[in-house]
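Each reported figure results from applying straightforward, stated rules to the coordinates on display, with no laboratory input. The shown structure was predicted, so the numbers you read here are calculated from the model rather than taken from an experiment. When we count neighbours, we look across all protein chains shown, and the Cβ atoms used for this are built from the backbone with ideal geometry, even at glycine.
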Amino acid sequence: MTDEAPRLIERPTVATVDDDSALAQSTAAAAPVTQTPDAVFESRDVNVYYGSFRAVRDVTFDVPRNQIMALIGPSGCGKSTVLRCYNRMNDLIKAARVTGSISYRGTDLYHERVDPVEVRRRIGMVFQKPNPFPKSIYDNVAYGPRVAGQKKDLDNIVENSLRKAALWEEVNDRLKDSALSLSGGQQQRLCIARAIAVDPDVLLMDEPCSALDPIATARIEDLMQEIKQDYTIMIVTHNMQQAARVSDTTAFFTADTHSENDTRTGILVEVDTTQKIFSNPSDERTENYVTGRFG
Ligand SMILES: Nc1ncnc2c1ncn2[C@@H]1O[C@H](COP(=O)(O)OP(=O)(O)OP(=O)(O)O)[C@@H](O)[C@H]1O
Ligand SMILES: [Mg+2]
């Protein structure tokens, strides 16, 4: 990984949020902004709609580089929806529409000249349910590099990715076996290896351990700590202990119910260091949630 500015688009046209005084003004009033000089993402007033239903409202926060950020909150408050904004996975949902702005290392992620495929290479995703391809272990990991045109050095890429994902020792003598023959925890680590193999910059993880036992969970948490030197990680989790253990910063979301039509919209309540969120949060709603009084 280098600090070189990403070339997501043919010409780096897009103003950063800081350059846009109107936007800067509008966000100055919004409470939960973290002023992070080293931010990988800066999200400003992000709303996501599914058709006419607004699933999340006015989400504004920064994601610091080379750290782990946890997204927590009750079911349905929009954590997955928000997470999908960061690699434009919502583009693949027909009814979904994203407004506001998200900049990635100073480039507008949603600019018309930004290639979503390149976005998803740089910003990888690991899902709740492991989803290995029905191919060999080797071919799963080699898939992304091959699609990117890589022909040489595949053995090394596969080995390094599997080592980083703490899976190499368990599978190095059966690389040609089907990925579907692995256990759930191994499949999840394989999916992490597959995500790492294309040398991404950011990993988005949506409840990656929810189907795993404590041992497999611990391995993935250790792995996250190891790889955060190279990657920025955003993880959605319902496991409060996990958020407290692994993350540096935590964003707490909840759902606001509109009395007039009884719809629920996700809002960001606060974002802060994980230590503060779990020991002395600013908002009572956060306190109630992290202490288990709600949700
Ligand atoms: N593809 C979709 N089409 C329509 N509505 C959707 C879609 N995905 C999510 N929603 C709605 O958006 C809201 C937020 O859902 P989302 O899945 O982001 O919540 P979540 O916080 O990840 O919940 P959970 O913790 O249960 O995974 C919910 O009301 C949900 O019904
Ligand atoms: Mg979810």
Exercise for review: Find how many whole Å separate the alpha carbon centroid of the range 235-295 from the alpha carbon centroid of the range 70-129.
Suggested key: 20
**Study point:** Note, ³J(HN,Hα) from phi for the range 127-135, Karplus 6.51, -1.76, 1.60, rounded to Hz, x at Gly and Pro
**Key:** 9, 4, 9, x, 10, x, 6, x, 9
Review point. Rounded to the nearest 5, what is the percent of antiparallel bridges among the DSSP beta bridges in the range 169-295?
Key: 65
Point to revise | 3J(HN,Hα) from dihedral phi, the range 52-60, Karplus parametrisation 6.51/-1.76/1.60, rounded to Hz, x for glycine, proline | key: 8, 7, 8, 7, 9, 10, 6, 8, 10
Review point. What order do you get for ILE72, ILE233 when you list them from fewest to most C-beta neighbours inside 10 Å?
Key: ILE233, ILE72
**Study point:** Relative contact order (percent, whole number), the range 224-282, Cα cutoff 8 Å, 6+ residue spacing
**Key:** 29
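Report relative contact order for the range 97-195 in percent, whole number only (criteria: Cα-Cα under 8 Å, sequence separation at least 6).
35
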Study note, to complete from the structure: Restricting to lysines and to Cα separations under 22 Å from LYS152, and discarding same-chain partners fewer than 8 apart, the set is LYS135, LYS164, LYS176
**Study point:** Order of GLU112, GLU287 under a 10 Å beta carbon neighbour criterion, fewest first
**Key:** GLU112, GLU287
Practice item. Rounded to whole Hz and in sequence order, give me ³J(HN,Hα) for the range 91-104 from the Karplus expression 6.51 cos²θ - 1.76 cosθ + 1.60, θ = phi - 60°, writing x for Gly and Pro. Key: 4, 7, 9, 3, 6, 7, 9, 10, 10, x, 9, 10, 9, 10
Exercise for review: Go ahead and estimate [θ] at 222 nm for the chain from helices alone: -39,500 (n - 2.57) per DSSP H run with n ≥ 4, summed, over the residue count, rounded to 500.
Suggested key: -9000 deg cm²/dmol
Study note, to complete from the structure: A correct fewest-to-most ranking of ARG65, ARG194 by other Cβ atoms within 10 Å would be ARG65, ARG194
**Study point:** Proximal aspartates and glutamates to LYS129, defined as alpha-carbon separation beneath 12 angstrom and excluding residues fewer than eight positions away on the same chain
**Key:** ASP206, GLU207
Check your understanding: What is the antiparallel percent of DSSP beta bridges lying wholly in the range 101-237, to the nearest 5?
Key -> 25
Exercise for review: Can you check what the net charge comes to around VAL114, using other residues whose Cβ is under 9 Å from the Cβ of VAL114 (Lys, Arg +1; Asp, Glu -1)?
Suggested key: -2
Point to revise | Residues with amide H under 5 Å from that of VAL56, placed H, sequence gap 5 or more | key: VAL48, GLY266
Review point. Under the definition of Cα pairs under 8 Å and six or more residues apart, what whole-number percent is the relative contact order of the chain?
Key: 24
